[in-house]
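Here the structure comes first, spelled out in structure tokens, and everything after it is commentary.
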Amino acid sequence: EPEVTQTPSHQVTQMGQEVILRCVPISNHLYFYWYRQILGQKVEFLVSFYNNEISEKSEIFDDQFSVERPDGSNFTLKIRSTKLEDSAMYFCASWSLAGGLTDTQYFGPGTRLTVL
Amino acid sequence: AQSVTQLGSHVSVSEGALVLLRCNYSSSVPPYLFWYVQYPNQGLQLLLKYTTGATLVKGINGFEAEFKKSETSFHLTKPSAHMSDAAEYFCAVSRTGGGGADGLTFGKGTHLIIQP
């Protein structure tokens, strides 16, 4: 079964550094998403991306965040200058536009970001 | 605005016993409701979803959930717990069918523990 993959599984960085989290969505999917989950808190929507532009973003997704689809397979989340509070699990998801029970978002395993 | 409340961050049941995981939602529009499961070191996997029509929804692995509008609830049940059901379970709500520009709004999750 096709799956969403994410790399790295764990990223440790120093405060103020830039990080790029990578995702490979399912190949025929057209919508892409990033979510995050701070330890002990809810999974929170960050941004959705379609046709090479942001469709919707939450209030969390401020100017320090950006997303990009640099080629036909990867989807990235960049955090420009990391803060301690950016430490979280980041999930990528994709959606196919197909109908039925499969009409939902498929999630990757997540990248755990630790900011020191 | 939408929100999801999952009662009980941890639920422990004996193998073979009934599983009941509670979810209440708040939505200003008719909601689409989801249950996801996360096994260790894996992504979020869809268990079932409610869009329209029949209020009792059956999903994978013997789970089902009932949409009760009057109670704004979407509790997840399974008649007989199995050791393999031990995982984190997330309830989520969306304004749309789980795709499109909209992100999913998640609850905090419930960790299901199965006692032998």
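The values are calculated or read from the model by the stated rules, or taken from the named source; none is laboratory data. For clarity, every value in this text was computed on a predicted model and none was experimentally measured. Positions of Cβ are generated from backbone atoms using ideal geometry, with glycine treated the same way; all protein chains shown enter the neighbour counts.
Somewhere in segment A:76-92, is a residue at the interface with another protein chain (Cβ under 9 Å from one of its Cβ atoms) and either surrounded by fewer than 20 Cβ atoms within 10 Å (Cβ to Cβ) or not aromatic (Phe, Trp, Tyr) (or both)? Quick ask: steps written out before the conclusion?
Just the residues of segment A:76-92 that are at the interface with another protein chain (Cβ under 9 Å from one of its Cβ atoms), to begin with: A:91-92.
Pick out the ones that are also either surrounded by fewer than 20 Cβ atoms within 10 Å (Cβ to Cβ) or not aromatic (Phe, Trp, Tyr) (or both) and you get A:92.
Yes, there is a match, as at least one residue in segment A:76-92 is at the interface with another protein chain (Cβ under 9 Å from one of its Cβ atoms) and either surrounded by fewer than 20 Cβ atoms within 10 Å (Cβ to Cβ) or not aromatic (Phe, Trp, Tyr) (or both).
Across segment A:36-49, the qualifying residues are those that are at the interface with chain B (Cβ under 7 Å from one of its Cβ atoms) and touching a strand residue (DSSP E or B) at 6+ places or on another chain (Cβ under 6 Å), and the one among them that is farthest from residue B:109 (Cα to Cα) is A:48. With respect to (1) farther than 16 Å from residue B:104 by Cβ; (2) surrounded by fewer than 17 Cβ atoms within 10 Å (Cβ to Cβ), the lone exception for residue A:60 is condition (1). Can you pull out every residue in segment A:9-67 that is in contact with a Pro (Cβ under 8 Å, 6 or more places away or on another chain) and either outside any strand (DSSP E or B) or hydroxyl-bearing (Ser, Thr, Tyr) (or both)? Scanning segment A:9-67 gives A:9, A:26, A:27. The number of residues in segment B:42-95 being surrounded by fewer than 14 Cβ atoms within 10 Å (Cβ to Cβ), assigned to a loop (DSSP other than H, G, I, E, B) and touching a residue at least 60 places away in the same chain (Cβ under 8 Å) comes to 3. Within segment B:85-116, restricting attention to residues that are at pLDDT below 90, touching a Leu at 6+ places or on another chain (Cβ under 8 Å) and at the interface with chain A (Cβ under 7 Å from one of its Cβ atoms), which residue is farthest from residue B:2 (Cα to Cα)? Selected residue: B:99. When residue B:60 is tested against (1) closer than 30 Å to residue A:7 by Cβ; (2) touching a Phe, Trp or Tyr at 6+ places or on another chain (Cβ under 6 Å), only condition (2) is not met. Candidates in segment B:27-47 are the residues that are at pLDDT below 90 and hydroxyl-bearing (Ser, Thr, Tyr); of these, the one that is nearest to residue A:2 (Cα to Cα) is B:39.
Residue under question is residue A:113, and the condition is that it be at pLDDT 90 or above, part of a strand (DSSP E or B) and either in contact with a helix residue (DSSP H, G or I) (Cβ under 7 Å, 6 or more places away or on another chain) or surrounded by fewer than 14 Cβ atoms within 10 Å (Cβ to Cβ) (or both); does it hold? Steps first, please.
Numbers: at pLDDT 90 or above: yes; part of a strand (DSSP E or B): yes; either in contact with a helix residue (DSSP H, G or I) (Cβ under 7 Å, 6 or more places away or on another chain) or surrounded by fewer than 14 Cβ atoms within 10 Å (Cβ to Cβ) (or both): yes.
Taking the combined requirement at face value, the residue satisfies it.
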